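The values are calculated or read from the model by the stated rules, or taken from the named source; none is laboratory data. What you see is a predicted model, and the numbers here were worked out from it, not measured in a lab. Heads up, the Cβs are rebuilt from the backbone with ideal geometry, glycines too, and the neighbour counts pull from every protein chain shown. The protein model used for the area step is the full one, side chains on, heavy atoms only, and it has no ligands, DNA or RNA in it. Shrake-Rupley method; radii C 1.70, N 1.55, O 1.52, S 1.80 Å.
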Amino acid sequence: MQIIVNDETKRISGRFLSDILIELGYGESKVATAIDGVFVPRSARSGRELQEGARLEILAPMQGG
């Protein structure tokens, strides 16, 4: 299915957010996620299913210098 990840269209095979993060190379990285503008906590990722055309935002913490 196709979803939009950080404003970029991606074709993915997973349906659940936890699987999609692994598929996209994030694995167990510490990131914040939102689907269609709604925050999804880490504890809810394995039960959150995405639909065709969903907008996924993945935000990683930034390190200052």
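Here are a few things to note about the model shown:
- Filtering segment 21-37 to residues that are touching a strand residue (DSSP E or B) at 6+ places or on another chain (Cβ under 6 Å) and open to solvent by 100 Å² or more (accessible area, probe 1.4 Å) leaves nothing.
- Residue match in segment 3-12 (condition: open to solvent by less than 100 Å² (accessible area, probe 1.4 Å) and touching a Gly at 6+ places or on another chain (Cβ under 8 Å)): yes
- Selection within segment 16-42 - closer than 21 Å to residue 63 by Cα, assigned to a loop (DSSP other than H, G, I, E, B) and over 10 Å from the mean Cα position of the chain (by Cα): 25, 27, 28, 29, 30
- Single unsatisfied condition, residue 40 versus (1) touching a Leu at 6+ places or on another chain (Cβ under 8 Å); (2) open to solvent by 80 Å² or more (accessible area, probe 1.4 Å): (2)
- Note on segment 43-65: among residues that are in contact (Cβ under 8 Å) with a residue 40 or more places away in the chain and part of a strand (DSSP E or B), the one that is most open to solvent (accessible area, probe 1.4 Å) is 55.
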